[in-house]
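Comments concern the structure below.
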Amino acid sequence: MKSRKKRLREVYVWELPVRIYHWVNALCIVILCVTGFIIADPPAIMSASEAYFSYWSGVVRFIHFVTAFVFFFNFVFRLYWGFVGNRYARWNNFIPLKKSQWKEVLEVIKVDILMIKNKPVDSIGHNALASLIYFGTFWAFLLQSITGFGLYAKMSQSFFPQLFAWTVPLMGGDLMARQIHHFLMWFFILFAIVHIYLVFYHDYIEQRGETSSIIGGWKFIEEDIADKEEVTETAETITKIAKKG
């Protein structure tokens, strides 16, 4: 096993709210996918007892709807934290508006997808490609929530689902809204598989504690990279103060 001679520094990357959001979101997706499968294609359970003893399908639907509310408001919280969190959680990291960000996207593609380069991109938070994909995934979260609550509005008297009732006619009816909702579920399943693989892959090639960082928040970063990041952060802070002044 190769040993690294570079000096490392602990950098606090993922704040507690970001970590809580991540794990709540992951748990919600698992529950929503499992219950969604059952709702879409419920198994036939034969029973000689009274109907009110066989309300398991109603329980599954209840779990799905409650989890959907948790998923949505957890997502809304993450949108808010993108404005008030640290530099690694903010929206300017997810929207590639700079030429350097697009250049980094190409570099990550060469390492992760084409595998024509072995040297990982020097990024402390999300790399530019991951940030771009997460930005698209946030839109998918929003669309999934809209279609889900839009379909739920047909059978609910609650005011909140009724706020999304307009979305179903806009999408062409129940069938199309349901198809979009179902397709996005498979997108999240595929995303989760690729996401887990890449986390372990980057943990192996970068050796910075990628996996444990989403639990404790800390990464182990080479000192020269950490110093460069501090200089950039200081310069950005000075620029903001100068603009306010």
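Below, the figures for the structure above:
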item: Qualifying residue in the stretch 71-87 (condition: among the hydroxyl-bearing types (Ser, Thr, Tyr), over 23 Å from Gln162 (Cα atoms) and loosely packed, with under 15 Cβ neighbours inside 10 Å); result: yes
item: Unique residue being polar (S, T, N, Q), modelled with pLDDT of 90 or more and over 20 Å from His182 (Cα atoms) when the list is Asn86, Asn127; result: Asn86
item: Inter-residue pairs, beta-carbon under 7 Å, first in contact (Cβ under 8 Å) with a residue 12 or more places away in the chain and within 15 Å of Ile63 (Cβ to Cβ) and in the stretch 20-44, second in a helix (DSSP H, G or I) and of a type in the set (Gly, Ala, Ser), 6+ apart; result: Ile29/Ala192; Leu32/Ala68; Pro42/Ser57
item: Filter pass, Val60 being modelled with pLDDT of 85 or more, of a type in the set (A, V, I, L, M, F, W, C), surrounded by 11 or more Cβ atoms within 10 Å (Cβ to Cβ) and over 24 Å from Arg178 (Cβ atoms); result: no
item: Looking only at the stretch 121-148, and only at residues there that are touching a His at 6+ places or on another chain (Cβ under 7 Å) and within 21 Å of Pro169 (Cβ to Cβ), the one that is surrounded by the most Cβ atoms within 10 Å (Cβ to Cβ); result: Gly148
item: Selected residue [assigned to a helix (DSSP H, G or I) and more than 30 Å from Glu10 (Cα to Cα)] from Phe75, Phe69, Phe83; result: Phe69
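The values are calculated or read from the model by the stated rules, or taken from the named source; none is laboratory data. Everything numeric in this text was worked out from a predicted model, so none of it was measured. For neighbour counting, all protein chains shown are included, and Cβ atoms are generated from backbone atoms with ideal geometry for every residue, glycine included.
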